[in-house]
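Engineer: Structure provided below as structure tokens; questions to follow.
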Amino acid sequence: YSTTRRKPLNIVFFGSDLFSDTILEHLYRRWKMTENSPIDNLEVMTTISSSNIIRNRAETLQLKTHLWPQIDPLLTRSFDLGILASFGQL
């Protein structure tokens with residue numbers, strides 16, 4: 001047991017399919033529906049395809065979305081952690 005409080009994390013999630021959709025949904029619930037969440041900010045990196053499940057989910061959840069490979073190099077300095085789940089681009 002520790003009373004030390006860690007700084008909440010800024011997370012970018014990389015995904016593009018049904019498998020990764022389940023993980024994004026869990027992260028979102030952990031962020032929005034948990035008191036004292038370890039997540040401060042959650043954003044999404046996905047592919048350009050308009051039929052992309054993750055892109056549609058991010059819009060539904062009102063998450064800021066970045067499209068691969070059209071990213072700003074300074075963007076990577078904004079996050080403490082990247083979570084990759086079935087992204088298919090790296």
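Engineer: Check which residues have an amide H placed less than 5 Å from ILE39's amide H, if you skip close sequence neighbours.
Structural biologist: LEU9
Engineer: Taking the alpha-carbon set of the chain, what are its Rg and Dmax in Å?
Structural biologist: 13.5, 46
Engineer: Still on this structure: Largest first, what is the accessible-area ranking of ILE83, ILE48 with a 1.4 Å probe?
Structural biologist: Largest accessible area first, the residues go ILE48, ILE83.
Engineer: What is the set of long-range amide H partners of PHE13 at a cut-off below 5 Å, with H atoms built 1.01 Å from backbone N?
Structural biologist: Correct list: GLU43, VAL44, MET45, ILE83.
Engineer: Specify the longest stretch of the chain that does not include any exposed loop site, a site being one of the trypsin sites (Lys or Arg not before Pro) with a non-H, G, I, E, B DSSP assignment and at most 13 other Cβ atoms within 10 Å.
Structural biologist: With a cap of 13 other Cβ atoms within 10 Å, the longest stretch comes to 7-63.
Engineer: Leaving out ligands, DNA and RNA, and with a 1.4 Å probe, what % of the accessible surface on the chain is carbon or sulfur?
Structural biologist: 51
The values are calculated or read from the model by the stated rules, or taken from the named source; none is laboratory data. Nothing here was measured: the structure is a model prediction, and the numbers come from that model. For neighbour counting, all protein chains shown are included, and Cβ atoms are generated from backbone atoms with ideal geometry for every residue, glycine included. Heads up: the accessible areas ignore ligands, DNA and RNA and are worked out on the full protein's heavy atoms, side chains in. Shrake-Rupley method; radii C 1.70, N 1.55, O 1.52, S 1.80 Å.
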